[in-house]
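The values are calculated or read from the model by the stated rules, or taken from the named source; none is laboratory data. The structure presented is a predicted model; accordingly, all values stated were derived computationally and were not measured. When we count neighbours, we look across all protein chains shown, and the Cβ atoms used for this are built from the backbone with ideal geometry, even at glycine. Accessible surface areas use protein heavy atoms only, side chains included; no ligands, DNA or RNA. Shrake-Rupley method; radii C 1.70, N 1.55, O 1.52, S 1.80 Å.
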Amino acid sequence: MMRKTLVTLVSLAILCPMAAPAAGSVQKALSAIPEDAVAFVCVPSLQQLDAEWQQALANLGVQPMVPPPFNSPVAVLQQFLQMTEGLNAAGPVAFVQMPFANMMELNTTNALIVSATDPKALIEAMGGQAGEGGIWSVTLMGKPGFAKIGDQMLVVSDTLDGVKAVAEAKSGIGSKLQGASLDQLEGLDLVLWIDADRVLKVFKPQIDGLVAMMTMMSQSGGSPFAAASAESNKQQINMLVEGASSLLIGLSLDNAGVGMRFGFSAKPGSELANRAKFQPAVGSLLKGLPAGRFMLAGGQVYTPEQISESLKQLDPYFSAGETTEGIDTEKLGILKGLLHEWAPLSRALGFTIEALPAGPNGVVGMSMIIDTSDSARWLELAGKAIDAANGILTGDDDAEMIFAATSHASAAEEIGGAKVDHLKLDLAKIDAIDEDDLEEILAVLGQDGLLFRMAAAGSNTVAISFGGGAEYMTRLISHAGQGDAPLENAPGIKKVSGHLPKDRVAEGYVAVDQIVACLKSAAKVLDEDEGLPFDMPEINAPLAMTSSGVDGVVQVDLFFPTELVVSAKNVVMTLMMGSGGPGGPGGPGGPGGPGQPQAPVAQ
């Protein structure tokens, strides 16, 4: 029964946009969860969940598709667990997993905590019969179970040990969750929390066995690179198992959209904690990027120490390359040294991939802004690394053909007062691409083909562009030189950014409507009769992501705006019911079609 209850709670919560809980409601819920719990799923307010679930159904226009009792989380609890009297729907509901030694004990040490205005009336509604030690016998989904009355709550389980373990706890888990780990729970409407340290220890023999099997399979091929990959994966898994303290998945949803949070904390002093050290960005992560019709956009800050640590993970692969036939070891050594000198020069990266008006410069463009301690040195080392990589593989006809088609030229042109380097792959020199293929590729990418432009737009800024021709690079250099952030004020980004944490080390945006529009534009340029079998209106509501945290605590937040969820639902319904034909969603006479009522969307 407890597993079915957990599935019900999680399924409902994932689907339900909920209003933000009242201040202190998360802490109140934590006070009822035993300090010794190894995992819990908590809904701070069932009543809020119920109201916002029904609002979500209205927003999506799918009320007729969700029959009772599933159109009401409160009704689900009342019907399946017979909690018809004395239930405090405004209070928290939590499923708690207590410590277990093995998989056999997993289902005997858990319980459900339900808030109650009248615990006795609630227990009697469940057919309760008083027993010894304050333990009641109840009926749970048609099967025998146990319950015990607590302070304005009821603890129920299908095992006696589960009820006792939870109901007889002396203190709540809120006393154990402190600082940043507790802050991660703030503002969430549903929380799944796991004591990763204790849970992973229980499963460590199985994890070690799986890692050993993966290592053996990788090494059986005899490839030095496969062996290096296996060893790297083993180190990463061990670092996680030995260093993780807690894991968290949370939801914080309202009428504006659906938010998800993923977080973990590391044990102080562990290698994982040393890796998880962050310095939030000062200023915009989208600095210098143009405000076009972006499809993808984002930015990230990092420290030289983080980059150097990441480069160390590549060293086993370089070592493997030194013993692999067909690799120029001299060039490989040069490339390794250049990477270790070049990469730590970077301090932040911002990028955007945008849809361009169809024309000779293609239908897609990419901009990249790199904040560096020395832009001239960055470009110099990048050029040397490109030259070192060229021809590093020997005896491979395909690789040699690609190297022969690749060229790097310093100061190939001057744009906006800046000398611009070129990195180009000449597609005409690739045997697999015939004239017809080349014509189609250039129609989409532009007449420059696979050409990257790179330039110093100041002593600490490198600008890189792809597509859009010289005019596109001109705009990028101008914004980068001025240090402004026009993309940050794009309507879609302004709409969603405020729903995510302000202190960030990374952020990203995915504009699904513009991706669809760009694919449609590319199909038109290629004179393809069959493009995407659906349309998506411009909604200016991208999927958004941020990463944040302090030393040893990492947090990733996602936000799905309601406009995007509704639009995606309309696309799915269109595909399922006739691609927008008469009577189908989005089609004439169908839901969401011309002249028909539209699903309400938060503004």
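Largest first, how would LEU532, LEU177 line up by accessible area (1.4 Å probe)?
I get LEU532, LEU177, largest accessible area first.
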Worksheet entry | For the chain: relative contact order, % (alpha-carbon pairs under 8 angstrom, 6 or more apart) | 13
Discussion item. Can you give me the long-range amide H partners of ASP254? Hydrogens built in the peptide plane at 1.01 Å from N, cutoff under 5 Å, separation of 5 or more residues or another chain.
Written reply: MET18, GLY259
Worksheet, complete the sentence: If the chain between GLU400 and ARG275 were fully extended at 0.36 nm per residue, the gain over the current Cα-Cα distance would be 41.2 nm
Worksheet entry | Structure-based [θ]222 nm, the chain - -39500 (n - 2.57) summed over DSSP H runs of at least 4, per residue, nearest 500 | -12000 deg cm²/dmol
Response to the item:
In order over the stretch 135-149: 3J(HN,Hα) from phi, Karplus 6.51/-1.76/1.60, θ = phi - 60°, whole Hz, x for each Gly or Pro, gives 8, 9, 8, 9, 10, 10, 6, x, 10, x, x, 9, 8, 9, 7
Worksheet item: Roughly speaking, to the nearest percent, how much of the chain's 1.4 Å accessible area is carbon and sulfur?
Response: 58
Worksheet item: Within the stretch 499-532, what residues put their amide N at less than 20 Å from the label point 7 Å along the Cα-to-Cβ vector of GLU440?
Response: 516-532
Practice prompt. Calculate, for the chain, the solvent-accessible area per residue in square angstrom, rolling a 1.4 angstrom probe over the heavy atoms of the protein chains.
Written response: 47
Practice prompt. Give the share of C-alpha pairs in each 5 angstrom bin for the stretch 39-165, from 0 to the last occupied bin, in whole percents, shortest bins first.
Written response: 2, 11, 18, 22, 18, 13, 9, 5, 2, 0, 0
Practice prompt. Find, to one decimal place in angstroms, the Kirkwood hydrodynamic radius of the stretch 328-423, where the mean of 1/r is taken over every pair of different Cα atoms and then inverted.
Written response: 15.7
Worksheet, complete the sentence: Diffing the stretch 502-516: the Karplus 3J(HN,Hα) column from phi (6.51, -1.76, 1.60, θ = phi - 60°), in whole Hz with x for Gly and Pro, holds 7, 7, 10, 10, 7, 8, x, 9, 10, 9, 5, 4, 6, 5, 4
Fill in: Distance violations [Cα-Cα > 23 Å] among LYS312/LYS384; LYS28/LYS277; LYS176/LYS267
LYS28/LYS277
Practice prompt. Compute the FRET efficiency between ALA470 and LEU558 as 1/(1 + (r/R0)^6), taking r as their Cβ-Cβ distance and R0 = 35 Å, and round to the nearest 0.05.
Written response: 0.40
Item to complete: Roll a 1.4 Å probe over the protein heavy atoms and report the accessible area of LEU487 in Å², nearest 10.
Response: 0
Worksheet item: Sorted from largest down, what three extents in whole angstroms do the Cα atoms of the stretch 465-521 have along their principal axes?
Response: 37, 34, 19
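Quick check: with the 1.4 Å probe, what order do MET104, MET576, MET366, MET98 take by accessible area, largest first?
Result, largest first: MET104, MET576, MET366, MET98.
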Discussion item. Quick query: amide H of LEU140 versus all other amide H atoms, modeled in the peptide plane; which residues come in under 5 Å with a sequence gap of 5 or more or a different chain?
Written reply: GLY145
Discussion item. Using the basic label-point model (7 angstrom from Cα toward the beta carbon), what is the ARG347 to SER459 distance in nanometres?
Written reply: 1.2
Worksheet item: Roughly what angle does helix 329-342 make with the longest principal axis of the chain, taking Cα atoms, 0 to 90 degrees, to the nearest 10?
Response: 70
Item to complete: Based solely on C-alpha atoms, express the radius of gyration and the Dmax of the stretch 82-147 in angstrom.
Response: 13.1, 37
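Can you give the extra length, in nm with one decimal, that the chain gains between GLU413 and THR84 once fully stretched, where that is 0.36 nm per residue apart less the Cα-Cα distance? Kindly include the intermediate steps, with their values, before the conclusion.
Values: separation 329, 0.36 × 329 = 118.44 nm, distance 7.67 nm.
Taking 0.36 nm per residue and subtracting the Cα distance, the gain is 110.8 nm.
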Fill in: VAL505 accessible area, assembled protein chains, probe 1.4 Å, Å²
10
Worksheet item: From the square roots a ≥ b ≥ c of the eigenvalues of the alpha-carbon gyration tensor of the stretch 509-574, which class results: rounded (a/c under 1.5), prolate (a/b over b/c), or oblate?
Response: prolate
Response to the item:
Treating only Lys and Arg (+1) and Asp and Glu (-1) as charged, each at its beta carbon, one finds that the stretch 60-173 has a dipole about its Cα centre, in Debye to the nearest 20, of 120
Practice prompt. Work out which trypsin sites (Lys or Arg not before Pro) in the chain are exposed loop sites (DSSP not H, G, I, E or B, at most 11 other Cβ within 10 Å) and give the longest gap free of them.
Written response: 171-501
Worksheet item: If one computes P(r) from the Cα atoms of the stretch 150-286, what percent of pairs lie at distances over 23 Å?
Response: 58
Worksheet, complete the sentence: One can check that the equivalent ellipsoid of the chain, built from the alpha-carbon gyration tensor with semi-axes equal to the square roots of five times its eigenvalues, has lengths in Å, largest first, of 51, 32, 22
Practice prompt. Starting from the alpha-carbon convex hull of the stretch 205-265, give the projected area averaged over all orientations, in nm².
Written response: 6.2
Response to the item:
Once phi for every residue in the stretch 31-39 is put through the Karplus expression 6.51 cos²θ - 1.76 cosθ + 1.60 (θ = phi - 60°), the whole-Hz ³J(HN,Hα) values, with Gly and Pro written as x, are 5, 8, 8, x, 4, 8, 4, 9, 6
Worksheet item: Within the chain, what is the longest stretch that has no GluC sites (Glu not before Pro) placed in a DSSP loop and near at most 15 other beta-carbon atoms within 10 Å?
Response: 326-527
Worksheet entry | Other-chain or far-sequence residues with amide H under 5 Å of ALA39's (modelled H) | GLN97, ASP195
Worksheet item: Between ASP161 and HIS340, what length comes free when the chain is fully extended (0.36 nm per residue of separation minus the Cα-Cα distance, one decimal in nm)?
Response: 58.8 nm
